[in-house]
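**Q** Mind having a look at this structure? Questions to follow.
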Amino acid sequence: MTVVDEVVVYCDGGSRGNPGPSAIGAVVLDPSSSPPHELATVSECIGTTTNNVAEYKAVIAGLHAASQFHPRVVHVRADSLLVVRQLRGEYKIKQTHLQPLAREAMALLRTFESYDLAHVPRAQNARADALVNMALDASA
């Protein structure tokens, strides 16, 4: 079992249609190596849902994948500004169906000694986006 002090989790969720067939992608990286070493990936279909639900489920799946390496610190990177700002407490979560997903993500984040969430441009989230599309293409 690999144990690392710190990980970076890039995550993305997507729907083809909104709602529509949806998938999640996440990659867990060890930033202490150069280039960062890929520790784990998630690429799976999650049924028919909305883009925002898929984005939250991607964060949750990425955090679960990261937790198997027992890091003290986790850095979450996502291209969903809405999800990042809601999890940071900067935006209210008005959509009731997203509230339980936000609670689950926050509970997972609190299991780490330290965490941060940052919005990244889609171009910087290409690997997670590719994992989303790989799952959707495989299910088509």
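**Q** At 7 Å along the Cα-to-beta-carbon direction for both N133 and A118, put a label point, then send me their distance in nm to one decimal.
**A** In this crude label model, N133 to A118 measures out at 2.4 nm.
**Q** What's the longest uninterrupted piece of the chain once you rule out the GluC sites (Glu not before Pro) that are loop residues per DSSP with at most 11 other Cβ within 10 Å?
**A** It works out to 1-89.
**Q** Ok, one more. So if R0 is 30 Å, what FRET efficiency would T111 and C45 give, r being the distance between their Cβ atoms, rounded to the nearest 0.05?
**A** FRET efficiency, T111 to C45: 0.70.
**Q** At 1.4 Å probe size, with the rest of the protein present, what percent of the exposed accessible area of the chain is carbon and sulfur atoms?
**A** Roughly 51 percent of what the probe reaches on the chain is carbon or sulfur.
**Q** Which value does Rg/Rh take for the chain over its C-alpha atoms, Rh per Kirkwood?
**A** For the chain, the value is 0.95.
**Q** Next question, about the same structure. Under a plain spin-label model, where a point goes 7 Å from the Cα along Cα-to-Cβ, how far apart in nm are L81 and K94?
**A** Rounded to a tenth, the inter-label distance reads 1.6 nm.
**Q** Need one number: convex hull volume per residue for region 55-112, Cα atoms only, in Å³.
**A** Cα convex hull per residue, to the nearest whole number: 74 Å³.
**Q** Only bridges with both residues in the chain count here: give the DSSP antiparallel percent, nearest 5.
**A** Close to 60 percent.
The values are calculated or read from the model by the stated rules, or taken from the named source; none is laboratory data. Since the structure is predicted, the reported quantities are computational estimates derived from the model, not experimental observations. Every residue, glycine among them, receives a Cβ derived from its backbone with ideal geometry; neighbour counts consider all protein chains shown. To get the accessible areas, we keep the full protein, side chains included, count just its heavy atoms, and leave off ligands, DNA and RNA. Shrake-Rupley method; radii C 1.70, N 1.55, O 1.52, S 1.80 Å.
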